[in-house]
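In what follows, a single structure is set out as structure tokens and then discussed.
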Amino acid sequence: MRLYKKTGNTIHIISFPDEDVEKGCYLIIDDKRAGRSMIVQVIDVQFANVPGIMEELLREPLIDDPVKGDDIDPFDITSHILYVQDARLLVCKVHGTIEDGGLCSDSSWLPSRTHSTICRLPIGRLMDIVNASIRYPISIGETMEGTPMVIDASILDGKLNIITGRKGVGKSHLSKILVLGLISYGATVVVFDLNGEYKNLGLNLDGERNEFYEKVHVLVPGENFKVTLAQTGLSVVMKILVHALNLPGTSAREFRHIWRFLEERNMLSLHEIGEAIRRWQCNQQVKDALFSRYYTLLHANFFTDNVNESVNFEGLLQNVERSGGGAIIIDLSNSSSVDRQIVVEYILAKLQDLLSQWKIRAVFLFAEEAHLYLRETYWDDIVTRMRHFGIFTTFITNQPDTIKESIYRQADNIFLFNFVNEHDLEVISRAAKVDAETTVSIVRDLPPHHCLILGDVVRNFPIVAKVKPLNVRAMGETRLFFSREKGLEAAQSSRP
Amino acid sequence: MNEIKERFFQPWIEFNGQSIERSGEQEDTVEVYSRDAFSIISPLEPIPDNTPIVAIDTSSIKVGETESGVICAVRGAVVWNERRQYRCLRIGPFPFHITEDNKREILRVLGQYSPIAYSSNASFLIEVQSRLCNALERWIQMMVSRSASNSIILWDGTLSCRPQNDCVSLLLRILEDARRNSNAVISLSKASTVKFLGRRITDLLMKQREPCLLEIDEHMLSISSKSLRLLGKIYVAKLSEKGYAFRVDVDRGLSRDVHMMALRRLMGNDSVFQGYPEALRLAHIFSTFTASDVIGIQRFISRKYGLKVVTWPSIRKALFGPFGTGGAGD
């Protein structure tokens, strides 16, 4: 490889066909005379502008038969000509300089064209250079060189993460790896499972229980996840009514009076609330508003008056924490849009209460397609206030534009899977952790199950990783109509 | 080439000079004197009878300089057309290191294929390069004449040479081999030196619409047998309606009728682009060196012979700066 030119923090390198270089890999430009080395990442591989290539390409198709007889080339010079014609231009971005054994971000110097040597910098060595010691390793797959790609779970602590990519490229897969990695180190994880694909994390592919079986708790709202009003508390119910069910201010005030009235008389129950609204002396419109919300709560089947039927969410969280971590999967797959919002409001409000009172230490929250259930004001809450309480969120989405730009800017780690749509690429290019050119160029060509990792977990050196297969029942695979037909055909063809 | 191992080499990077085609024998201007009107054979009807058309061309290029000389490469191409299907055989590239010390030796070795290469007094190394190209072309012509049969063989240039050179006998031998195998050799010149009343003779057919042929008798030409030996009968041919006219030399050993038949068969069995046979056009294209060819050859010689690439200071550039161009004949 030879250094060709440098413009700003972009370096162009000429590479030949027998040199193993691909988009996303790192190179080190070692200028021994200057005593410095530059670390660059290949963000694009193009054909080198070899003089005369157009003439070569134009004359080849002039002969009709591609097998046009052997050339008499006793010195095999043609192979050298073809070698030159296949020369590549590597477009690279500078990521730092190694000087006196230390890494600095200086990219202003020019390595010598003639004296510099350029070679590939394996990810393992790069991580050694940045002193990336890993205390709580989570293996997420392998690097481009085939070496293990390991991130430190402790770097996810207190951080905001985003996993995004188009459909079917492996986002949920990576998210499950992170969930299992975190709970294996005793973390408490809450997952808003929109498609019911996390509920079998405790089972292997063959259906057998795995080491996480006892740590995975699946809660299905309306079935095994119901709460009493007393467990919920007025503040949480008010948030549900106001934010999830859009109860106007006047009606909310009346509801608060009703609640306190019943609470003072130790009569707090769904049935009594209904009766109280009926008897309450207030404007008819307020009464109607309260009734409509009351029936919505009733039909959500999430609240119960039967204490035995209810789940002590607070107790469950504390149990999980005490028993060395675990995942609470909130299966929202069968919930309506409103019911989802009620459940999410309940859980987030509860988490805030518990964390603010130091009843639990911290929670890693995984939110799939959060825009479908997260109210507008929560986004900023999550990245600012809730983070200080100890809610560390990972958003997983295939629609990057549903996450606000401010969230991208504040994200500590971003796991980007493939996107081809220009609009999506433009949205993700706003990620502050790396320049837009790097993001767009690499992400556009990522194959399925490969992701570009940006942020603290990779010490701000963007790294392409292949996500490993997971021996758990994913249930995230899309159900297909024709897969049944294919299965039948396969069965028939296998018959003797 | 082995004597340059581990030595220094400056790659030649100015591709503007393009590759040099075989120079052959450069004719002086030949005037045509005629008191009679020229006889134009028109129209020239094509004969499509699947006669194979074989075209030969070569080229050479300078690829670098060493302390003692120049490195050049030569390549030849044979293109043949069978039932309108073109095939190509490329011969080379062959790199040569030409120095003042070895140029005589090179010419002597090559003399057996191209006496002109040995007998001529090449004073510049660049001339040796064109002699090498010429030798390769004669060798390919000889091989094709011996291996092809019942074909029309197209050469680039003319069928003439100076009698003081030994090339006459070689050319005669090649033409004889071709005739023995029932081949007809036709040579096409892109730039003819034959003139009539100071104008190029090809201009005489400018106003002709249909394909036609203008026959030039030897007694009409201002040449003596001492200055130039013509081994072909000279015609001016316009091979297509919308195309240029070219000077065409056809083997004199063949009869006039065979000449006509050969030209008509050429028209009938090869595509004619701008009045020029496609097979010969392709042979030129495939023998010509492109810039990437030159870089590939430079890579080969630096790898194979361990040449160290250097850039010697250019006196012209030092003296004249951006005006220090040219100087090929220095």
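In the stretch B:41-60, what count of residues is obtained for those that are over 14 Å from the mean Cα position of the chain (by Cα) and either assigned to a strand (DSSP E or B) or of a type in the set (Phe, Trp, Tyr) (or both)? Walk me through how you get there before you give the answer.
At the first step, the residues of the stretch B:41-60 found to be over 14 Å from the mean Cα position of the chain (by Cα) are B:41-54.
When the remaining residues are screened for being either assigned to a strand (DSSP E or B) or of a type in the set (Phe, Trp, Tyr) (or both), the result is B:41, B:53-54.
So the count comes out to 3.
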Q: Would you mind stating whether A:Leu316 is assigned to a helix (DSSP H, G or I) and touching a helix residue (DSSP H, G or I) at 6+ places or on another chain (Cβ under 9 Å)?
A: no
**Q.** Search result, residues across the stretch A:444-463 that are of a type in the set (Val, Ile, Thr) and in a helix (DSSP H, G or I)
**A.** A:Val457, A:Val458
Q.
Show the residue pairs meeting these rules: Cβ distance below 8 Å; 6+ apart or different chains; first residue within the stretch A:185-206 and at positive phi; second residue among the hydroxyl-bearing types (Ser, Thr, Tyr) and surrounded by fewer than 23 Cβ atoms within 10 Å (Cβ to Cβ).
A. A:Gly196/A:Ser333
Q: Report, ordered by the first and then the second residue, all pairs with beta carbons closer than 8 Å, sequence separation of six or more or different chains, a first member in the stretch B:281-295 that is closer than 22 Å to A:Phe75 by Cβ and within 7 Å of chain A (Cβ to nearest Cβ), and a second member that is assigned to a loop (DSSP other than H, G, I, E, B) and small (Gly, Ala, Ser).
A: B:Thr290/A:Gly52; B:Ala291/A:Gly52; B:Ser292/A:Gly52; B:Asp293/A:Gly52; B:Ile295/A:Gly52
Q: Scan the stretch A:128-145 for residues that are under 22 Å from the mean Cα position of the chain (by Cα), under 26 Å from A:Tyr185 (Cα atoms) and not in a strand (DSSP E or B) and report the count.
A: 4
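Each row is one residue, and each column tells you yes or no for (1) crowded, with 22+ Cβ neighbours inside 10 Å; (2) aromatic (Phe, Trp, Tyr); (3) outside any strand (DSSP E or B).
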site	(1), (2), (3)
B:Lys233	no, no, no
B:Lys242	no, no, yes
B:Arg247	yes, no, no
B:Val250	yes, no, no
B:Met260	no, no, yes
B:Leu263	yes, no, yes
B:Leu282	yes, no, yes
B:Ile285	no, no, yes
B:Arg303	no, no, yes
Q.
Just the residues that are of a type in the set (A, V, I, L, M), closer than 13 Å to A:Thr164 by Cα and surrounded by 15 or more Cβ atoms within 10 Å (Cβ to Cβ), please, taken from the stretch A:420-439.
A. A:Leu425, A:Val427, A:Ile428, A:Ala431
Q: Report, by residue number, each residue of the stretch B:268-280 that is part of a helix (DSSP H, G or I) and either buried (at least 20 other Cβ atoms within 10 Å of the Cβ) or in contact with a strand residue (DSSP E or B) (Cβ under 8 Å, 6 or more places away or on another chain) (or both).
A: B:Asn269, B:Glu278, B:Ala279, B:Leu280
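Residue-wise test of (1) among the hydroxyl-bearing types (Ser, Thr, Tyr); (2) in contact (Cβ under 8 Å) with a residue 60 or more places away in the chain.
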{"site": "B:Asn150", "(1), (2)": "no, yes"}
{"site": "B:Trp155", "(1), (2)": "no, yes"}
{"site": "B:Ser160", "(1), (2)": "yes, yes"}
{"site": "B:Arg173", "(1), (2)": "no, no"}
{"site": "B:Asn181", "(1), (2)": "no, no"}
{"site": "B:Ala191", "(1), (2)": "no, no"}
Q: Go through the stretch A:207-216 residue by residue and tally those that are part of a loop (DSSP other than H, G, I, E, B), at negative phi and of a type outside the set (Asp, Glu).
A: 2
Q: Only one of these is assigned to a helix (DSSP H, G or I) and outside the structural domain of A:Ile177 (by TED's automatic domain parsing): A:Asp305, A:Asp288. Name it.
A: A:Asp288
Q: For the stretch A:180-207, name all the residues that are surrounded by 21 or more Cβ atoms within 10 Å (Cβ to Cβ) and of a type in the set (A, V, I, L, M).
A: A:Leu180, A:Leu182, A:Ile183, A:Ala187, A:Val189, A:Val190, A:Val191, A:Leu194, A:Leu201
Q) Does the stretch A:340-347 contain at least one residue that is touching a Gly at 6+ places or on another chain (Cβ under 9 Å), of a type in the set (Asp, Glu) and modelled with pLDDT under 90? A) no
Q) For residues in the stretch A:359-389 being over 18 Å from A:Gly326 (Cα atoms) and of a type in the set (Phe, Trp, Tyr), which is surrounded by the most Cβ atoms within 10 Å (Cβ to Cβ)? A) A:Tyr373
Q: Answer yes or no as to whether B:Arg252 is more than 14 Å from chain A (Cβ to nearest Cβ) and either farther than 19 Å from A:Pro74 by Cα or more than 19 Å from the chain's Cα centre (by Cα) (or both).
A: yes
Q | Condition check for A:Leu58: out of contact with any Pro (no Cβ under 9 Å at 6 or more places or on another chain) and within 14 Å of chain B (Cβ to nearest Cβ) | A | yes
Q: Mind listing whichever residues of the stretch A:413-431 are assigned to a loop (DSSP other than H, G, I, E, B) and touching a Phe, Trp or Tyr at 6+ places or on another chain (Cβ under 7 Å)?
A: A:Arg430, A:Ala431
Q.
Can you say whether A:Arg322 is modelled with pLDDT of 90 or more and more than 25 Å from A:Tyr373 (Cα to Cα), as far as the supplied structure shows?
A. yes
Q: Identify, from the list B:Glu127, B:Glu105, B:Glu67, B:Glu82, the residue that is surrounded by fewer than 24 Cβ atoms within 10 Å (Cβ to Cβ), within 14 Å of another protein chain (Cβ to nearest Cβ) and at pLDDT below 85.
A: B:Glu82
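Would you check if there is a residue in the stretch B:308-324 being at pLDDT 85 or above and within 14 Å of another protein chain (Cβ to nearest Cβ)?
no
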Q: Take the stretch A:319-340 and flag every residue that is of a type outside the set (Val, Ile, Thr), surrounded by fewer than 21 Cβ atoms within 10 Å (Cβ to Cβ) and touching a Leu at 6+ places or on another chain (Cβ under 8 Å).
A: A:Gly325, A:Ser333, A:Ser337
**Q.** Candidates A:Ala276, A:Ala327, filtered to the one that is outside any helix (DSSP H, G or I), of a type in the set (A, V, I, L, M, F, W, C), modelled with pLDDT of 90 or more and farther than 15 Å from A:Pro221 by Cα
**A.** A:Ala327
**Q.** Failed criterion for A:Ser112 (all others in (1) modelled with pLDDT under 90; (2) part of a loop (DSSP other than H, G, I, E, B) hold)
**A.** (1)
Q: Report yes if A:Ile98 is within 14 Å of chain B (Cβ to nearest Cβ), under 36 Å from the mean Cα position of the chain (by Cα) and assigned to a strand (DSSP E or B), otherwise no.
A: no
Q: State which residue is surrounded by the fewest Cβ atoms within 10 Å (Cβ to Cβ) when the search covers only the stretch A:154-179 and only residues that are in contact with a Lys or Arg (Cβ under 8 Å, 6 or more places away or on another chain) and not in a loop (DSSP other than H, G, I, E, B).
A: A:Ser154
Q: Name the single residue, out of those in the stretch B:85-99 being more than 9 Å from every other protein chain (Cβ to nearest Cβ) and surrounded by fewer than 24 Cβ atoms within 10 Å (Cβ to Cβ), that is farthest from A:Pro74 (Cα to Cα).
A: B:Thr99
**Q.** Among (1) within 15 Å of A:Pro221 (Cβ to Cβ); (2) more than 20 Å from the chain's Cα centre (by Cα) - the single one A:Leu354 does not satisfy
**A.** (1)
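The values are calculated or read from the model by the stated rules, or taken from the named source; none is laboratory data. Here the structure is a predicted model, which is why all the values come from computation and not from measurement. In this analysis, Cβ positions are derived from the backbone assuming ideal geometry, glycine residues included, and neighbour counts consider all displayed protein chains.
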